1. List pairs: first residue in the range 32-49 and more than 14 Å from Ala137 (Cβ to Cβ), second residue among the hydrophobic types (A, V, I, L, M, F, W, C) anywhere in the structure, Cβ distance under 9 angstrom, at least six positions apart or on different chains.
2. Filter the range 20-48 down to the residues that are farther than 30 Å from Cys119 by Cβ and of a type in the set (Asp, Glu), then identify the one that is farthest from the chain's Cα centre (by Cα).
3. Give the range 12-31 a look and list any residue that's part of a helix (DSSP H, G or I), hydrophobic (A, V, I, L, M, F, W, C) and exposed (fewer than 13 other Cβ atoms within 10 Å of the Cβ), or say none.
4. State which residue pairs qualify: first residue in contact (Cβ under 8 Å) with a residue 12 or more places away in the chain and of a type in the set (A, V, I, L, M, F, W, C) and inside the range 7-24, second residue surrounded by 12 or more Cβ atoms within 10 Å (Cβ to Cβ) and assigned to a helix (DSSP H, G or I) in any location, beta carbons under 8 Å apart, and separation of 6 or more residues or different chains.
5. Are any residues in the range 75-93 closer than 15 Å to Ile126 by Cα, part of a loop (DSSP other than H, G, I, E, B) and in contact with a Phe, Trp or Tyr (Cβ under 9 Å, 6 or more places away or on another chain), and if so, which ones?
6. Need pairs with beta-carbon distance below 9 Å; first residue without any contact (Cβ under 8 Å) to a residue 40 or more places away in the chain and buried (at least 16 other Cβ atoms within 10 Å of the Cβ) and within the range 69-96, second of a type outside the set (Ser, Thr, Tyr) and part of a helix (DSSP H, G or I); sequence gap 6+ or separate chains.
7. Is it true that some residue in the range 117-137 is out of contact with any strand residue (DSSP E or B) (no Cβ under 6 Å at 6 or more places or on another chain), closer than 30 Å to Ser10 by Cα, among the small types (Gly, Ala, Ser) and touching a residue at least 12 places away in the same chain (Cβ under 8 Å)?
8. Please work out which residue is nearest to His51 (Cα to Cα), limiting yourself to the range 65-123 and to residues that are of a type in the set (Lys, Arg) and out of contact with any helix residue (DSSP H, G or I) (no Cβ under 9 Å at 6 or more places or on another chain).
Amino acid sequence: MYNSNVSISSLIEQIESEADVITRIEDEFYLKWVNIVQQTLYKELIEQYSHSEVETDGDLYLDDIEVTLEQAPVEYDDIVKIYIDGEELTKASVTTAFTIPDKDIYYYDSANSVVRIRCKMPYDKINVVYRVRPKIAEETSEY
C-alpha cells in the first residue's frame with residue numbers, strides 16, 4: 001500500500017496553517033474526510049489486489065479472509081475472483097443462483113452476511129482474489 005509518510009495530524013496542521021477559516025474545524029471532520037478520500041481512491045482508482053486461501057467446505061465468511069494490519073477487512077465488493085481447484089467461479093446475484101441451477105457460482109447473501117458458494121465438485125478450500133484497501137483511520141495520529 002502507498003505510504004506518503006505524512007500523518008493525518010501533520011496534514012491537519014498544514015491545512016489549518018494555509019486555510020483562511022474563521023471557525024476551527026474539528027479533527028474528526030478531517031479524519032472522516034481523509035477516510036472517505038482514501039477508501040474511494042482504493043476502491044475506484046488504485047488497482048491493488050491480494051490473494052487468500054480459505055479453508056471451508058461450504059460458505060465463505062468474509063471475516064475468514066486474512067488481511068494484514070494495514071488493510072481494511074474484506075467486503076463483498078472487494079472480491080474480484082473466487083477459485084476452487086484452479087477453476088474460476090462465476091459471480092452471480094441471488095436471482096441468478098435460482099435461475100441457473102447447474103453453474104458453479106458465488107453470490108452474496110446479505111440477509112446472513114455470507115458469500116454462498118455453489119460448486120458441483122467437493123472442496124475443502126477456496127482461493128479468493130480481492131481488492132486491497134487501507135484500514136479506516138480512527139485517530140489523527142495514525143499513518
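1. Taking only residues 6 or more apart or on different chains, the pairs are Ile46/Met1; Ile46/Val132; Gln48/Met1; Gln48/Val132; Tyr49/Val80; Tyr49/Val129; Tyr49/Val132.
2. My answer is Asp20.
3. Residues of the range 12-31 part of a helix (DSSP H, G or I): 12-18, 27-31.
Still in the list and also hydrophobic (A, V, I, L, M, F, W, C): 12, 15, 29, 31.
Result: Phe29, single match.
4. From residues that are in contact (Cβ under 8 Å) with a residue 12 or more places away in the chain and of a type in the set (A, V, I, L, M, F, W, C), the pairs are Ile8/Tyr30; Ile8/Leu31; Ile8/Val34; Leu11/Tyr30; Leu11/Val34; Ile12/Asp27; Ile12/Tyr30; Ile15/Tyr30.
5. Listed by number, the residues that qualify are Asp85, Leu89.
6. From residues that are without any contact (Cβ under 8 Å) to a residue 40 or more places away in the chain and buried (at least 16 other Cβ atoms within 10 Å of the Cβ), the pairs are Tyr76/Leu62.
7. Looking through the range 117-137, at least one residue is out of contact with any strand residue (DSSP E or B) (no Cβ under 6 Å at 6 or more places or on another chain), closer than 30 Å to Ser10 by Cα, among the small types (Gly, Ala, Ser) and touching a residue at least 12 places away in the same chain (Cβ under 8 Å).
8. Filtering the range 65-123 down to residues of a type in the set (Lys, Arg) leaves 81, 91, 103, 116, 118, 120.
Filter once more, keeping what is out of contact with any helix residue (DSSP H, G or I) (no Cβ under 9 Å at 6 or more places or on another chain): 81, 91, 120.
On the way: Lys81: 9, Lys91: 17, Lys120: 23 Å.
If we take residues in the range 65-123 being of a type in the set (Lys, Arg) and out of contact with any helix residue (DSSP H, G or I) (no Cβ under 9 Å at 6 or more places or on another chain), then Lys81 is nearest to His51 (Cα to Cα).
Only the coordinates and a few stated rules stand behind these numbers; no lab work does. A quick note: this is a predicted structure, and the numbers were derived from the prediction, not measured. When we count neighbours, we look across all protein chains shown, and the Cβ atoms used for this are built from the backbone with ideal geometry, even at glycine.
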